[in-house]
Amino acid sequence: MPKIAIYAGSFDPITRGHEDVIKRASQFVDKLIVAVAPNLSKQSLFTLEERFDMIGEVLNGHEGIEVHRLDGLLVDFAAKMGANLLVRGLRAVSDFEYEFQMALMNRTLSPNLETIFMVPSVETTYISSSIIREVAKYGGDVKDVVHPYVASALRLKFGHNS
Ligand code: COA
């Protein structure tokens, strides 16, 4: 059976940390689906369309990786895509409680869907999309933590494109 994994998130915006997890995960699955979620509980900076386009640019037709929009429950989307694995990044102890809760809820909803946790590179463990949004908002340099395409989209969004 081919190993098809889903890496879901809001990616507002995609960071070097997400890219690191995607790269690591794609090495041991046959297909990795990056699923962009609508971000219901938080106010997004980028629209779903913008986030989807940015991920496409950043991954740039990488073989074995597809980008999809996530609508509804992750377990339903996984069933529709024929996926058997969910990939999550675990950056620090603070991520653990939320991740544990989600993994167990997803298992309750879909017992055959396994969640696997990836440890990101040390250089990216401190990054989050919200900290990047905040730095970019005040004109700070985010070139080390996001892809150049994303850095430019952030500059445009906040009017720092001079
Ligand atoms: N590097 C950098 N940042 C990372 C990261 C990494 N490796 N891993 C996570 N993050 C950041 C994200 O950017 C985000 O940062 P922010 O809060 O500062 O914006 C934060 O950690 C949380 O990200 P994530 O864990 O991906 O959560 P999310 O809110 O983006 O996505 C879904 C959560 C979409 C996976 C989840 O809500 C879902 O499955 N939704 C579908 C509906 C559903 O099935 N719900 C029931 C789930 S049990």
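The values are calculated or read from the model by the stated rules, or taken from the named source; none is laboratory data. Remember, it's a predicted structure, so these values are computed and weren't measured experimentally. Note that we place each Cβ from the backbone using ideal geometry, even for glycine, and neighbour counts take in every protein chain shown.
The helices (runs of 4 or more DSSP H) found entirely in region 75-162 that carry 3 or more residues being near the ligand (Cβ under 8 Å from one of its atoms) and out of contact with any strand residue (DSSP E or B) (no Cβ under 6 Å at 6 or more places or on another chain) are 93-109, 129-137. Scanning region 50-109 for residues that are at pLDDT below 95, within 16 Å of I6 (Cα to Cα) and charged (D, E, K, R) gives E63, D71. Tell me whether region 75-83 contains one or more residues that are among the basic types (K, R), under 24 Å from R16 (Cβ atoms) and free of Cβ contacts under 8 Å to residues at least 40 places away in the same chain. Scanning region 75-83 turns up no residue that is among the basic types (K, R), under 24 Å from R16 (Cβ atoms) and free of Cβ contacts under 8 Å to residues at least 40 places away in the same chain.
Residues in region 53-80 that are under 13 Å from the mean Cα position of the chain (by Cα) and buried (at least 19 other Cβ atoms within 10 Å of the Cβ): 7 in all. Evaluate the following for V34: is it more than 8 Å from the ligand (Cβ to nearest atom), crowded, with 21+ Cβ neighbours inside 10 Å and more than 12 Å from the chain's Cα centre (by Cα)? No.
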